[in-house]
Amino acid sequence: MQSATNAIEGFMILLGEIVSAFLHKIDQYEVRLKDLLWQVKENNDTKLLNKIAENRHEILVWKNFLIPFIEVKTGVVEAFGEKYTENVHFKRTNYRFERCQNLVRAYEEEIRGLIDFEDVVSSFRGNEIMKTLTVMTVLFTPVMALGALWGMNFDSMPELRWKYGYAGALILILISTLLVYWFLKAKGWTGDMLKSKKKQKYVD
C-alpha cells in the first residue's frame with residue numbers, strides 16, 4: 001500500500017490481495033477435487049455423488065464471488081479512464097483475477113465431466129439391473145407356469161397319480177428352463193450378466 005501513488009493504485013493493491021486470498025482458497029479446492037476424481041474410480045456410490053454435488057455448489061459460490069471483481073475492474077476503467085490499466089498494480093490484480101477465472105472455469109468443466117460420467121454409470125447400472133431382472137423372470141417362467149397348472153384343484157389330473165410324476169415334473173421343469181436359457185443365449189440377450197466377474201472399477 002505504501003508504494004501506491006494515488007487512491008486508485010492503493011485500491012487495486014487491496015483488491016489484488018483479496019484476489020490472492022481467493023487463489024489460496026481455490027488451490028485448497030483443487031486438492032479436494034483431485035481426491036474426488038480418484039475416489040470416482042475407487043468407490044462409486046451415492047455418497048460420492050453427494051460429494052460431487054457439494055463441489056459443484058462450491059464452484060458456483062466461487063463464480064458468484066468473482067462477479068463483484070468484474071464490476072469493479074470495469075468500473076475503474078469507466079470512471080477513471082484506460083490510463084490506469086497501464087499501472088503495474090492494476091495489471092497484477094487483473095492477472096490474478098484472470099487466473100481465478102480460468103481456474104474456476106477449468107474446475108467447473110471437471111465437475112461437469114464428473115456429473116456426466118455419473119449419469120453414464122447410473123444409466124449402465126440401471127440397464128444391467130433391468131436386463132438381469134427380465135432374464136431371471138423369463139428363466140423362471142416355466143417353473144411358475146407349471147406350478148400354477150399343478151396348483152389347480154381339478155378332479156381329473158391323472159399325472160398326480162403317476163408313480164414317477166414327481167420326478168417327471170422336475171425333469172420337465174429343468175428341461176424347459178434349459179431350453180429357455182438356450183434360446184436367450186442363442187439370441188445374445190443374456191449379455192455378460194451370467195459370466196463370472198472379477199473385481200472391476202467404475203461399475204461395481
Would you call residue 104 within 25 Å of the chain's Cα centre (by Cα) and at pLDDT below 85? no
Members of the range 84-99 that are touching a Lys or Arg at 6+ places or on another chain (Cβ under 9 Å) and within 11 Å of residue 12 (Cα to Cα): 85, 90, 93, 94
In the list 65, 69, 22, 11, which residue meets the criterion of being assigned to a helix (DSSP H, G or I), surrounded by 14 or more Cβ atoms within 10 Å (Cβ to Cβ) and touching a Cys at 6+ places or on another chain (Cβ under 6 Å)? 22
With the checklist (1) touching a residue at least 60 places away in the same chain (Cβ under 8 Å); (2) touching a Phe, Trp or Tyr at 6+ places or on another chain (Cβ under 6 Å) in hand, flag the one item residue 59 doesn't pass. (1)
Here is a list of conditions, (1) among the aliphatic types (A, V, I, L, M); (2) in the same structural domain as residue 168 (by TED's automatic domain parsing); (3) closer than 30 Å to residue 188 by Cβ, and residue 130 meets all of them except one; can you say which number that is? (2)
Looking only at the range 119-130, decide whether some residue is out of contact with any helix residue (DSSP H, G or I) (no Cβ under 8 Å at 6 or more places or on another chain), part of a helix (DSSP H, G or I) and of a type in the set (Phe, Trp, Tyr). yes
Residue list for the range 106-137, filter: among the charged types (D, E, K, R) and surrounded by 12 or more Cβ atoms within 10 Å (Cβ to Cβ): 108, 110, 112, 118, 125, 128, 131
Which members of the range 26-47 meet the condition of being surrounded by 11 or more Cβ atoms within 10 Å (Cβ to Cβ) and touching a residue at least 24 places away in the same chain (Cβ under 8 Å)? 26, 29, 30, 33, 36, 37, 40, 44
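The values are calculated or read from the model by the stated rules, or taken from the named source; none is laboratory data. All of these numbers come straight from a predicted model, not from anything done at the bench. Note that we place each Cβ from the backbone using ideal geometry, even for glycine, and neighbour counts take in every protein chain shown.
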